[in-house]
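J.: Take this structure, written in structure tokens, and hold onto it; I'll ask about it next.
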Amino acid sequence: MTKSDKPRLHPKVREAKELMDKGRMDRREFVRIAALLGVSAGAAYAMGGVTPSFAMQADLPFPDADDEAKSGGTLRVGMQVQKMEDPATYSWVEMSNQTRHTLEHLTFTTPDNVTQPMLAESWQANDDLTEWTFKLRPGIMWHNGDELNADDIIFNMTRWMDPDLGSSNIGLSTFASMVEEKDGKKVMIPGSLEKVDDLTVKLKLQKPVLSVPEDLYNYPTAIVHRSFKPPLSDNPIGTGPFTLTNLKVGERCELKKVTETTDGKPFKYWGGDVFLDEIHYYNFDEDNQLTAFASGDVDAIYEFGIEQFELAQALEGDIIEARTAQTLCCRMQISQKPFDDIKVRQAVVSACDNSVYRELVFQGRGDIAENTHVSPIHPEYYELPELKRDVEKSKKLLAEAGYPDGIELTIDVGNTDGPWHQTVCEIMRDQMKDAGIKLNINVMPPSKYWEVWDSTPFGATAWTHRPLGTMVLSLGYRTGVPWNETHLASKEFDEALDDAEATLDVEARREKMKKVEQIMQDAAVMVQPIWRPVFTIVSKKVVGYPPHPTQYHQFNRVWINS
């Protein structure tokens, strides 16, 4: 490589380094930003003086292979087994875990929140962060023998921005800045995607976006082959080390390591050594996954609840606990009565005391939430004044809204992450009773809840972890995005979020997030009382099992010490 061929150091990396040196940005946030701006993970860690949380392998997003690793064996995981139709419209992490070892992403965000190249080899952004150029790794092979190329990427991104598909990806900041309103729909702006050459794609945005590489590891951004037609389970062509061999929804999902292409040629996986022969998911709901582990039916599980923690401690296994930005939003749809009246919503919020849920639900674990959907573990989080319960204010607001004798409401809850959802709603019910609000709790099967989650007037919806508060706000609360279950439509909010996303200085971004979070609180669209911890357990014979706050499964370096 000649001097002129070396990747250019983005000027905002220098700006971030100066901010770090002045104490306005911590070292880990510098590493995150430098990696987003195209610095290799190894170099970013070195520049920030930070030791990574795992042994990195040069030029690959996965940990270095264990010298003692043994090949062979089947990893058995207890988790809900779900249908696999169109990855771009997935709405459950479990679906994405079944898919993750077959289909891969352009980027990969590690548990310590650093984004690295995956199918992409590298990327560069222009000075104002409105053009991003992604270079693909050469020689990545699809299971049918084709080579991954720019046409695959353009095919995927074009699909994500097709309003008729309804992919949540269109709500990500990256793709929200590549669409425009036309005939009442958000459609891709012509020229937003450019094929530079067979391995290079340029994204042209209408506003600066720093989080482009992070957005590309959102779980519905798995890259499908350019010939893809749903359902995926009928023809699972991927670039990953495994392929789907058996799917029985509600029973099992079996993946087997790929050794040859579908036309009989040797298959070489681009990502280095993979040790497992097969991965099997067996269907267990959250409340009986730990029982399956205790019985020896599985080697690992997706999660267990806090109420099972004492049992887990008594078992022969390694408990993994993660602090997360996973949460439950007891949200009101503001386009439906009675929640179209902000005073009703304010009355609901005022009747609740968010400070008690952490102790009552998770035995003091997790973090108190503030009805903003921005977590204390998000780098841009601004701590607003503590919310205070005010029962008299709640009664007054109800009277002003035309309910002097109180109001009866019903909340739908599906316990999609376990019975703690219902516990949260029961605490809300008891608190709201004091203000004259009678809250009925309609408990539904998880699958039935997901049929109505975006249409019910009042629903308790689980949201998984995202590395940034701005990312989840873009997905869930921007005007008109598919996952906007509250139907919030605020130009002021959208513009304030744009402003925060475009700001590199973390301290300045936090100050801008104060406005964003305050708008969320003032809109009173939800009671969001807690950020939950996540617990899982894995057999001691399983080596290299990766914890992740999103509960994403990436088993490339896992092996079984039998």
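The values are calculated or read from the model by the stated rules, or taken from the named source; none is laboratory data. Since the model is a prediction, treat every value here as computed from it, not as a measurement. Here the Cβ is made from the backbone with ideal geometry for all residues, glycine too, and neighbour counts use every protein chain on show.
J.: Between a first residue in segment 461-484 that is farther than 19 Å from Asp499 by Cβ and a second residue that is modelled with pLDDT of 95 or more and among the basic types (Lys, Arg), which pairs have beta carbons less than 8 Å apart while being 6 or more apart in sequence or on different chains?
T.: Listed by first residue and then by second, the contacts come to Thr461/Arg331.
J.: Of (1) farther than 15 Å from Glu254 by Cα; (2) of a type in the set (A, V, I, L, M, F, W, C); (3) crowded, with 23+ Cβ neighbours inside 10 Å; (4) over 18 Å from the mean Cα position of the chain (by Cα), Leu106 satisfies all except one. Which?
T.: Of the numbered conditions (1) farther than 15 Å from Glu254 by Cα; (2) of a type in the set (A, V, I, L, M, F, W, C); (3) crowded, with 23+ Cβ neighbours inside 10 Å; (4) over 18 Å from the mean Cα position of the chain (by Cα), the odd one out for Leu106 is (4).
J.: Follow-up. Which members of segment 260-312 meet the condition of being of a type in the set (Asp, Glu) and in a loop (DSSP other than H, G, I, E, B)? Please lay out each step first, then the result.
T.: From segment 260-312, those of a type in the set (Asp, Glu) are 260, 263, 273, 277-278, 285-287, 297, 299, 303, 307, 310; that's our starting set.
Listed by number, the residues that qualify are Asp263, Asp273, Asp277, Asp285, Asp297, Asp299, Glu303.
J.: Which of (1) within 30 Å of Val13 (Cα to Cα); (2) in contact with a Pro (Cβ under 9 Å, 6 or more places away or on another chain) is the odd one out, the single condition Pro457 does not satisfy?
T.: (1)
J.: Could I ask something else about it? Which residue out of Pro220, Pro208, Pro213 is over 24 Å from Asp152 (Cβ atoms) and within 22 Å of the chain's Cα centre (by Cα)?
T.: None of the others qualify; the one that does is Pro208.
J.: If you don't mind, another one. Among (1) surrounded by 16 or more Cβ atoms within 10 Å (Cβ to Cβ); (2) in contact with a Leu (Cβ under 8 Å, 6 or more places away or on another chain); (3) modelled with pLDDT of 95 or more, which single condition is Asp215 missing?
T.: The number of the failed condition is (3).
J.: Restricting attention to segment 109-118, which residues are more than 13 Å from the chain's Cα centre (by Cα) and either over 18 Å from Arg137 (Cβ atoms) or among the basic types (Lys, Arg) (or both)? Spell out the reasoning first.
T.: Restricting attention to segment 109-118, the residues satisfying the condition of being more than 13 Å from the chain's Cα centre (by Cα) are 112, 114-118.
Once the filter is applied, which keeps residues that are more than 13 Å from the chain's Cα centre (by Cα) and either over 18 Å from Arg137 (Cβ atoms) or among the basic types (Lys, Arg) (or both), segment 109-118 yields Asp112, Val114.
J.: Hey, can you tell me all the residues within segment 267-304 that are buried (at least 22 other Cβ atoms within 10 Å of the Cβ), in contact with a Leu (Cβ under 8 Å, 6 or more places away or on another chain) and not aromatic (Phe, Trp, Tyr)?
T.: Hits for segment 267-304 are Leu276, Ile279, Leu290, Asp299, Ala300, Ile301.
J.: Ok, one more. Filter segment 485-513 down to the residues that are within 24 Å of Asp412 (Cα to Cα) and out of contact with any helix residue (DSSP H, G or I) (no Cβ under 6 Å at 6 or more places or on another chain), then identify the one that is surrounded by the most Cβ atoms within 10 Å (Cβ to Cβ).
T.: From segment 485-513, those within 24 Å of Asp412 (Cα to Cα) are 485-489; that's our starting set.
Now narrow it down to the ones that are out of contact with any helix residue (DSSP H, G or I) (no Cβ under 6 Å at 6 or more places or on another chain): 485-487, 489.
Numbers: Glu485: 21, Thr486: 23, His487: 18, Ala489: 14.
Only one residue tops the list, namely Thr486.
J.: Got at least one residue in segment 74-89 being free of Cβ contacts under 8 Å to residues at least 60 places away in the same chain, part of a strand (DSSP E or B) and more than 25 Å from Asp234 (Cβ to Cβ)? Can you show your working first?
T.: Let us first name the residues in segment 74-89 that are free of Cβ contacts under 8 Å to residues at least 60 places away in the same chain, namely none.
Among the residues of segment 74-89, not one is free of Cβ contacts under 8 Å to residues at least 60 places away in the same chain, part of a strand (DSSP E or B) and more than 25 Å from Asp234 (Cβ to Cβ), which makes the answer no.
J.: Here is a follow-up. So which residues in segment 170-183 are in a loop (DSSP other than H, G, I, E, B) and not polar (S, T, N, Q)? Walk me through it before giving the result.
T.: The initial filter retains those residues of segment 170-183 that are in a loop (DSSP other than H, G, I, E, B), namely 172, 177-178, 183.
If the condition is that a residue be in a loop (DSSP other than H, G, I, E, B) and not polar (S, T, N, Q), then Leu172, Met178, Asp183 are the ones that fit.
J.: What number of residues within segment 109-124 are at positive phi and crowded, with 23+ Cβ neighbours inside 10 Å?
T.: Number satisfying all stated conditions: 0.
J.: Select the helices (runs of 4 or more DSSP H) contained entirely in segment 339-452, then report the ones holding at least 3 residues which are touching a helix residue (DSSP H, G or I) at 6+ places or on another chain (Cβ under 9 Å), among the aliphatic types (A, V, I, L, M) and at pLDDT 95 or above. Before the answer, list the steps.
T.: Details: elements: 342-350, 357-362, 391-400, 420-433, 446-452.
Fully inside segment 339-452 and qualifying: 342-350, 391-400, 420-433.
J.: Here's a follow-up. If I go through segment 427-441 residue by residue, how many of them are closer than 12 Å to Val356 by Cβ and without any contact (Cβ under 8 Å) to a residue 60 or more places away in the chain?
T.: Step one: list which residues in segment 427-441 are closer than 12 Å to Val356 by Cβ, which gives 427-428, 430-431.
Cutting the leftovers down to without any contact (Cβ under 8 Å) to a residue 60 or more places away in the chain gives us 430.
Result for segment 427-441: 1.
J.: Also: Tally time: how many residues in segment 191-246 are touching a Pro at 6+ places or on another chain (Cβ under 9 Å), part of a helix (DSSP H, G or I) and among the polar types (S, T, N, Q)?
T.: Total meeting the criteria: 1.
J.: Within segment 133-169, work out how many residues are among the β-branched types (Val, Ile, Thr) and part of a helix (DSSP H, G or I). Show your work before the answer.
T.: Quick first cut of segment 133-169, residues among the β-branched types (Val, Ile, Thr) only: 133, 140, 153-154, 158.
Add one more test, that the residue is part of a helix (DSSP H, G or I), and what stays is 153-154, 158.
Total satisfying the criteria: 3.
J.: For segment 330-349, name all the residues that are in contact (Cβ under 8 Å) with a residue 40 or more places away in the chain and surrounded by fewer than 23 Cβ atoms within 10 Å (Cβ to Cβ).
T.: Across segment 330-349, the qualifying residues are Gln333, Ile334, Ser335, Gln336, Lys337, Pro338, Phe339, Asp341, Ile342, Lys343, Gln346.
J.: Determine whether Glu307 is surrounded by fewer than 20 Cβ atoms within 10 Å (Cβ to Cβ) and not assigned by TED's automatic domain parsing to the domain that holds Glu251.
T.: On the way: surrounded by fewer than 20 Cβ atoms within 10 Å (Cβ to Cβ): yes; not assigned by TED's automatic domain parsing to the domain that holds Glu251: no.
No, not satisfied.
J.: Given the structure, is Leu387 touching a Cys at 6+ places or on another chain (Cβ under 9 Å), more than 20 Å from Glu507 (Cβ to Cβ) and aliphatic (A, V, I, L, M)?
T.: On the way: touching a Cys at 6+ places or on another chain (Cβ under 9 Å): yes; more than 20 Å from Glu507 (Cβ to Cβ): yes; aliphatic (A, V, I, L, M): yes.
Judged against the criteria, Leu387 is a match.
J.: Give segment 524-559 a look and list any residue that's among the β-branched types (Val, Ile, Thr) and either in contact with a His (Cβ under 6 Å, 6 or more places away or on another chain) or buried (at least 21 other Cβ atoms within 10 Å of the Cβ) (or both), or say none. Step through it out loud before you land on a result.
T.: The initial filter retains those residues of segment 524-559 that are among the β-branched types (Val, Ile, Thr), namely 525, 527, 530, 534, 536-538, 542-543, 550, 558.
Of everything in segment 524-559, those that are among the β-branched types (Val, Ile, Thr) and either in contact with a His (Cβ under 6 Å, 6 or more places away or on another chain) or buried (at least 21 other Cβ atoms within 10 Å of the Cβ) (or both) turn out to be Val525, Val527, Ile530, Val534, Thr536, Ile537, Val538, Val542, Thr550, Val558.
J.: Give just the number: which of (1) within 18 Å of the chain's Cα centre (by Cα); (2) modelled with pLDDT of 95 or more; (3) not small (Gly, Ala, Ser) does Glu321 not satisfy?
T.: (2)
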